[in-house]
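The values are calculated or read from the model by the stated rules, or taken from the named source; none is laboratory data. Because the structure is predicted, anything quoted here is derived from the model rather than measured. So basically every Cβ, Gly included, is an ideal-geometry build from the backbone, and we count neighbours across all protein chains shown. Accessible surface is based on the protein model in full, side chains and every heavy atom, while ligands, DNA and RNA are left aside. Shrake-Rupley method; radii C 1.70, N 1.55, O 1.52, S 1.80 Å.
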Amino acid sequence: MKIHTTNYKNTFIEIAEDCPVSSGQIPPTKRNLTLANIQYEMVAENPYQFTSDDVMFECYAQKNDITENERAEGRKDFFSKGQACFRSSALLKRYGFGIHHNEEGKVAIYPAGSEEYERLVNDDSVAKVKAMRNKRK
């Protein structure tokens, strides 16, 4: 079985060109946690501790009530199909955060307009990709 990945290495994903904010905004908490809430909490509280795959699977596991005992098999099944990566995340499309993947593929987030965000955008040794644009209305 082929295993897919959402991981990048030594790459910075910039906010979407049509992101409605120019600096990072923490996703608001609603009645139920959104994918953006889960992603933000995991990555902001644990910079460079998780890969993109770790974060994306955790979102899936929480949203689908995957138990600890089911996680190993669930992760294998989840990545047997291609999955959306951080380029499609509301953190980058709506809330103004960029995602840096280090050499090990571990991620950290940086708000647009911050010194670290600008440093990564201007660092020629780091590959850059843009978040996906928002759907046209």
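Looking at ASP65, ASP54, just one residue is loosely packed, with under 13 Cβ neighbours inside 10 Å and either free of Cβ contacts under 8 Å to residues at least 40 places away in the same chain or under 19 Å from TYR117 (Cα atoms) (or both), and that residue is ASP65.
Taking the stretch 94-126 as the range and being over 17 Å from CYS19 (Cβ atoms) and either surrounded by fewer than 13 Cβ atoms within 10 Å (Cβ to Cβ) or over 16 Å from the mean Cα position of the chain (by Cα) (or both) as the test, the residues that pass are GLU103, GLU104, GLU115, GLU116, ARG119, ASN122, ASP123, ASP124, SER125, VAL126.
Residues that are among the hydroxyl-bearing types (Ser, Thr, Tyr) and either assigned to a loop (DSSP other than H, G, I, E, B) or more than 13 Å from ALA127 (Cα to Cα) (or both) within the stretch 7-33 comprise TYR8, SER22, SER23, THR29, listed in sequence order.
Put simply, of ALA108, ALA90 the only residue that is at pLDDT below 95 and under 17 Å from PRO27 (Cβ atoms) is ALA90.
Among the residues of this structure, LEU91 counts as one that is open to solvent by less than 60 Å² (accessible area, probe 1.4 Å), touching a helix residue (DSSP H, G or I) at 6+ places or on another chain (Cβ under 7 Å) and not in a loop (DSSP other than H, G, I, E, B).
Scanning the stretch 63-76 for any residue that is within 16 Å of the chain's Cα centre (by Cα), among the acidic types (Asp, Glu) and outside any loop (DSSP other than H, G, I, E, B) turns up nothing. When residues of the stretch 1-24 are filtered for being more than 12 Å from LYS106 (Cβ to Cβ) and surrounded by fewer than 16 Cβ atoms within 10 Å (Cβ to Cβ), how many remain? So the count comes out to 11.
Annotation: of all residues in the stretch 25-51 being of a type outside the set (Asp, Glu) and free of Cβ contacts under 8 Å to residues at least 12 places away in the same chain, the one that is nearest to GLY105 (Cα to Cα) is ASN46. PRO47 satisfies every condition listed in (1) outside any helix (DSSP H, G or I); (2) surrounded by fewer than 14 Cβ atoms within 10 Å (Cβ to Cβ) except (2). Could you check, for the stretch 68-81, whether at least one of its residues is open to solvent by 70 Å² or more (accessible area, probe 1.4 Å), closer than 14 Å to ASN7 by Cβ and not aromatic (Phe, Trp, Tyr)? Within the stretch 68-81, one or more residues are open to solvent by 70 Å² or more (accessible area, probe 1.4 Å), closer than 14 Å to ASN7 by Cβ and not aromatic (Phe, Trp, Tyr).
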